[in-house]
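A short write-up of the structure that comes next.
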Amino acid sequence: TMAQSKALLVLENFIGGRFVPCSSYIDSYNPSTGDVYCKVPDSGKEEVEAAVKAAKAAFPIWSSKSPLERSQILNKLADLIEHDLEAFAEAESKDQGKTITFARTVDIPRAVYNFRFFASSILHHTTKCTEMAAAGCVHYTFRTPVGVAGLISPWNLPLYLLTWKIAPAIACGNTVIAKPSEMTSVTAWMMCRLLEKAGIPPGVVNVVFGRGSKAGEALVCHPDVPLISFTGSTLTAQCITEKSAPHCKRLSLELGGKNPAIIFDDADLTQCIPTTLRSSFANQGEICLCTSRIFVQRGIYSEFLKNFVAEAKKLKVGNPSDTTVNVGALISKEHLEKVKNYVKKAQAEGASILCGEGVDSLSLPTGNQKGYFMLPTVIAEVKDESCCMQEEIFGPVTCVVPFDTEEEVIERANSVKYGLAATVWSSNVGRVHRVAQKLQSGLVWTNCWLVRDLNLPFGGMKASGIGREGAKDSYEFFTEVKTITIKH
């Protein structure tokens, strides 16, 4: 109805410091109700072209500011987002389906911290200098921003992962064009409303909304965008690599994971079970770092399984705005179907579904009957070759299998195409180091999960991506280095 469409939130692109309406729009759904919640610009070449113009025009002014000036502006933006933390958290929860608790305690605080962290780290980088006395020469390195950065972020942690790119890019003096996921664009649009107040000059941060196949492609193919930072699926990354190749762009790709947890029989289960529950089902399992293959040493396998399933059954699924809920809605109808199909495939292969999908009944509040919900699901007796053990499911589904020896479990953990994160549970310190060093994984957590120091490199091996992000790594990615030699 007319009245209904009037009430919808209509987003606009943010180009050159102004909100610009678009000629056509995409429907974005509220995953917890199944209703259309807002209209997102369906941008393409024209909008990207306008954003590139604005970003190029703003580059000389922004790049010539001192790191300290940029740092102060980033800190101001962090304060403004923090001041509106509750509004941002509510919008993120409604738009993405995640619980209000997760948005309040993880997503938005981390987005704020991303700006503060890079505002600080940009002040502490040093360059190198060497001397050649015999030749009477001194050499030193000099770093300059690259130019216009194209930043493409996903739908699972919308503002958190967008700011993880914007903050280092602009801290280093680049100007940016960001393309958030068309499914979760609201918090990016809200952030745009704060940029001027923070003191960010027009054109430094441009946000173009739309689909990957249209807006994303226009950005990746633009000859004046020398750098692309992308977080999302391996499939999309292949496409980005091919389309950016003719322009020799520099790429940072943070892709999927099929992350193992390896639980030895000397693990402290009082710590291990609650943490592994979190690492399997946090944010509905929609985090690239979530655990989806749990290897348990045979001696404690049945005890672990019994306790783990009992705890999984206690998790409350329902309206994300209810603070007692642990698991919210999945991002879309299509994604929910995809995740459920993995469970069906496992069943067809003879695996046991111990709880969740198809086993337990899901009862939802009245307003959430049409939402995209799914119970936390635990699968056992599944073969390593199964698609459920090989492919990224990206939902509240995890597989638990037994193992016997350390050598065996390392080989099995490494037998997938991905290599993003792994967790190891053991109280034997020698074993912890041995196993961590042999796993093909960019990150290994032992006796914990998702404890991050942003100073240190973040990223994956194999099909999980190219490049690393962190204080030093992001700085190196978002700047060009030159070596200068002076004969005196």
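Couple of notes before you dig in:
- Residues (of a type in the set (Val, Ile, Thr) and farther than 16 Å from residue 369 by Cα) located in segment 310-345: 323, 324, 339, 343
- So residue 142, is it in contact (Cβ under 8 Å) with a residue 24 or more places away in the chain, surrounded by 24 or more Cβ atoms within 10 Å (Cβ to Cβ) and of a type in the set (Phe, Trp, Tyr): no
- When each of 190, 183 is tested for being open to solvent by 10 Å² or more (accessible area, probe 1.4 Å), assigned by the TED database to the domain that holds residue 93 and within 19 Å of residue 73 (Cα to Cα), the lone residue that passes is 190.
- Restricted to segment 430-442, and to residues there that are under 23 Å from the mean Cα position of the chain (by Cα) and open to solvent by less than 20 Å² (accessible area, probe 1.4 Å), the residue that is farthest from residue 253 (Cα to Cα) is 439.
- Residue within segment 288-308 that is β-branched (Val, Ile, Thr), farther than 22 Å from residue 331 by Cα and surrounded by fewer than 21 Cβ atoms within 10 Å (Cβ to Cβ) present: yes
- Contacts under 7 angstrom Cβ, first residue in segment 180-192 being charged (D, E, K, R), partner open to solvent by 10 Å² or more (accessible area, probe 1.4 Å), 6 or more apart: 182/26; 182/211
- If the condition is being closer than 17 Å to residue 55 by Cα and within 24 Å of the chain's Cα centre (by Cα), then segment 183-202 contributes 192, 195.
- A single member of 435, 429, 424, 409 is β-branched (Val, Ile, Thr), modelled with pLDDT of 95 or more and over 19 Å from residue 298 (Cα atoms), and it is 429.
- No other residue among 329, 267, 312, 245 is in a helix (DSSP H, G or I), crowded, with 21+ Cβ neighbours inside 10 Å and at pLDDT 95 or above apart from 312.
- Residues satisfying the stated conditions in segment 332-389, i.e. of a type in the set (Ser, Thr, Tyr) and either outside any loop (DSSP other than H, G, I, E, B) or without any contact (Cβ under 8 Å) to a residue 60 or more places away in the chain (or both): 342, 352, 361, 363, 366, 377, 386
The values are calculated or read from the model by the stated rules, or taken from the named source; none is laboratory data. Nothing here was measured: the structure is a model prediction, and the numbers come from that model. Positions of Cβ are generated from backbone atoms using ideal geometry, with glycine treated the same way; all protein chains shown enter the neighbour counts. Areas reflect the complete protein model, heavy atoms only, side chains present, ligands, DNA and RNA absent. Shrake-Rupley method; radii C 1.70, N 1.55, O 1.52, S 1.80 Å.
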